C-alpha cells in the first residue's frame, strides 16, 4: 500500500503544480467505459454442471494533460446481476468458474511524461507487451490486470525502441476480495525488458521477463521465473488484394528467485495469416515445453493474457507438467460495413492439444465468434467447445457481450 500512497501523493502534487502554474494550458478528458456480458458455462464432472453470469462492468475517470505531462485516474466496478456461478472466490465451487468476481477498485492511477523520444510512466498502469503472451492486461476479464510500476519507453533512433518496466505489485483479476492463491495483488520485484528494431521483414524483438511471485500463497513461489527470447512479427503484401502476416518466437525459461523447483523449458511459436479481400486463413503451432513432468516445471505465463491463447474454454491457463503443444487452424470473413453495422467479422478456429512429453492427446477445441460495431458500441457472440481426451473434462461456453466506450 505504501507504493500506492506514494503514487497518489505524486499525482496530487503534480496536479496542484499544474493547476497553479499552468491552469490555462491544462486539457481535461473524461474516460467512460461500460460492458454488459452474459456468460454461460457447462462443464462435465461437477455436481452443478452449469453456470450463468450476467455482469455489468463500468469504468470512469479523468486524464489531465499539460504539455508533455499527464495524470490519469480511472476507477472501475463490477456488479453481478445474475450470480449463478462460481467466481473463484464466492459461490459454490460445484459450478464452473466464471472469473469475474464483484469488485470496486482504483484501476489506473498514473503520472506520465511523453515526448517523441521518451515516455516515462509511474503508478498503477496497464502494461501489454507484444502479443501479451508473457505480459498483458487480461482485458477480456472484467477486472483487468494492472501493475504498480515504473516504465520507460525510449526511441533513440528510427525503428529502434527500448521498453523497460519495474513492477513491484501485480493487481490481479480477483479484485479486493482476493485471497489465498487468488490474491488481490501479488508483490515481487518484476522486470520486463524489450529491445525491438523494425527491419524490412518485420519487427525483431529481444526480450527478458523476470517474474517474481514473492508470496507463498501463490503456488509456494513456483511461478517465479526468468524468461529470455526473441520474436519476429511482420506483414508482407503479396498483391493489391492479398497480404501475409506472420509471427515467429522462441524463448527459454528457468526458475527464478525463491522458486524451489530447478527446471528449464522452451517456448516456440510459428503463426501465419493470409488475408485476401476480406477472407482470412490462419494457422499456427505453439509449444510450451516440459522439463521433468513435475507440476510447475513446464513453461508458465502467469502474467500473460492467457485467454487469447490455447482456446477460450480456459483449460490451459496453467501449463500442465508435461507441457502443451497447440496446433490450430482457423478462418473467417469480414465486412467493413453491413447495413448499420461496421467492422463485421465471422471467425472459427480449431485446436488440437497434445503434451510436450509422453505423447498424450489432451483434447480438441472449437472456437466461434461473430463481432460488429454500432457507433461506439462493440457487440460480440462467442462460443467454445472443448472435447476432452486425457486432460480436464468436456466443456462448453457461450458469451454475449456489449462494450461501449466514450
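Name every residue in segment 356-391 that is under 24 Å from the mean Cα position of the chain (by Cα), in contact (Cβ under 8 Å) with a residue 40 or more places away in the chain and not in a loop (DSSP other than H, G, I, E, B), in order of residue number.
If the condition is that a residue be under 24 Å from the mean Cα position of the chain (by Cα), in contact (Cβ under 8 Å) with a residue 40 or more places away in the chain and not in a loop (DSSP other than H, G, I, E, B), then 362, 363, 365, 367, 382, 384, 385, 386 are the ones that fit.
Select from segment 17-36 the residues that are surrounded by fewer than 12 Cβ atoms within 10 Å (Cβ to Cβ) and more than 34 Å from the chain's Cα centre (by Cα) and write down the one among them that is modelled with the highest pLDDT. Steps first, please.
So in segment 17-36, the residues surrounded by fewer than 12 Cβ atoms within 10 Å (Cβ to Cβ) come out as 20-21, 23-25, 27-28, 30.
With the extra rule that they be more than 34 Å from the chain's Cα centre (by Cα), the set shrinks to 20-21, 23-25.
Numbers: 20: 47, 21: 43, 23: 52, 24: 56, 25: 90.
Taking the candidates together, the pick is 25.
Which condition from (1) part of a loop (DSSP other than H, G, I, E, B); (2) at negative phi; (3) out of contact with any strand residue (DSSP E or B) (no Cβ under 6 Å at 6 or more places or on another chain) is the one that residue 143 breaks?
Unmet for residue 143, out of (1) part of a loop (DSSP other than H, G, I, E, B); (2) at negative phi; (3) out of contact with any strand residue (DSSP E or B) (no Cβ under 6 Å at 6 or more places or on another chain): (3).
What residue, of 311, 334, is out of contact with any helix residue (DSSP H, G or I) (no Cβ under 6 Å at 6 or more places or on another chain) and either buried (at least 23 other Cβ atoms within 10 Å of the Cβ) or within 23 Å of residue 39 (Cβ to Cβ) (or both)? Before you say what the answer is, go through the steps one by one.
Numbers: 334 fails: either buried (at least 23 other Cβ atoms within 10 Å of the Cβ) or within 23 Å of residue 39 (Cβ to Cβ) (or both).
Testing whether each residue is out of contact with any helix residue (DSSP H, G or I) (no Cβ under 6 Å at 6 or more places or on another chain) and either buried (at least 23 other Cβ atoms within 10 Å of the Cβ) or within 23 Å of residue 39 (Cβ to Cβ) (or both) leaves just 311.
If I ask for residues that are touching a helix residue (DSSP H, G or I) at 6+ places or on another chain (Cβ under 9 Å) and either within 14 Å of residue 150 (Cα to Cα) or not in a strand (DSSP E or B) (or both), which ones from segment 101-117 would you list?
If the condition is that a residue be touching a helix residue (DSSP H, G or I) at 6+ places or on another chain (Cβ under 9 Å) and either within 14 Å of residue 150 (Cα to Cα) or not in a strand (DSSP E or B) (or both), then 101, 102, 109, 110, 111 are the ones that fit.
Could you check segment 231-271 and list, in sequence order, the residues that are loosely packed, with under 14 Cβ neighbours inside 10 Å and either in contact with a helix residue (DSSP H, G or I) (Cβ under 6 Å, 6 or more places away or on another chain) or in a strand (DSSP E or B) (or both)?
If the condition is that a residue be loosely packed, with under 14 Cβ neighbours inside 10 Å and either in contact with a helix residue (DSSP H, G or I) (Cβ under 6 Å, 6 or more places away or on another chain) or in a strand (DSSP E or B) (or both), then 235, 236, 237, 242 are the ones that fit.
Let's see how each residue does on (1) at pLDDT below 95; (2) buried (at least 16 other Cβ atoms within 10 Å of the Cβ); (3) in contact with a helix residue (DSSP H, G or I) (Cβ under 7 Å, 6 or more places away or on another chain):
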residue: 15; (1), (2), (3): yes, yes, no
residue: 47; (1), (2), (3): yes, no, no
residue: 50; (1), (2), (3): no, no, no
residue: 60; (1), (2), (3): no, yes, no
residue: 86; (1), (2), (3): no, yes, no
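Please go through segment 197-215 and pick out each residue that is part of a strand (DSSP E or B) and surrounded by 21 or more Cβ atoms within 10 Å (Cβ to Cβ).
Those that are part of a strand (DSSP E or B) and surrounded by 21 or more Cβ atoms within 10 Å (Cβ to Cβ): 207, 209, 211.
Quick check on this structure: which one of 215, 153 is at pLDDT below 95 and either within 30 Å of residue 87 (Cα to Cα) or in contact with a strand residue (DSSP E or B) (Cβ under 7 Å, 6 or more places away or on another chain) (or both)?
Just one listed residue meets the conditions, 215.
Read through the list (1) over 20 Å from residue 297 (Cα atoms); (2) out of contact with any strand residue (DSSP E or B) (no Cβ under 8 Å at 6 or more places or on another chain); (3) modelled with pLDDT of 95 or more, then give the number of the only condition that residue 175 fails.
That leaves (2) as the condition not met.
To keep it simple, each residue is scored yes or no on (1) in contact with a strand residue (DSSP E or B) (Cβ under 6 Å, 6 or more places away or on another chain); (2) assigned to a loop (DSSP other than H, G, I, E, B); (3) in contact (Cβ under 8 Å) with a residue 40 or more places away in the chain.
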site: 64; (1), (2), (3): yes, no, yes
site: 73; (1), (2), (3): yes, no, yes
site: 79; (1), (2), (3): yes, no, no
site: 88; (1), (2), (3): yes, yes, yes
site: 91; (1), (2), (3): no, yes, no
site: 99; (1), (2), (3): no, yes, yes
site: 128; (1), (2), (3): no, yes, yes
site: 132; (1), (2), (3): no, yes, yes
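Scan segment 178-192 residue by residue and report those that are touching a strand residue (DSSP E or B) at 6+ places or on another chain (Cβ under 6 Å) and surrounded by 17 or more Cβ atoms within 10 Å (Cβ to Cβ).
185, 186, 187, 190, 192
What single numbered condition from (1) buried (at least 19 other Cβ atoms within 10 Å of the Cβ); (2) under 24 Å from residue 128 (Cα atoms) fails to hold for residue 317?
Answer for residue 317: the failing condition is (1).
The values are calculated or read from the model by the stated rules, or taken from the named source; none is laboratory data. All values reported here derive from a predicted model rather than from experimental measurement. For neighbour counting, all protein chains shown are included, and Cβ atoms are generated from backbone atoms with ideal geometry for every residue, glycine included.
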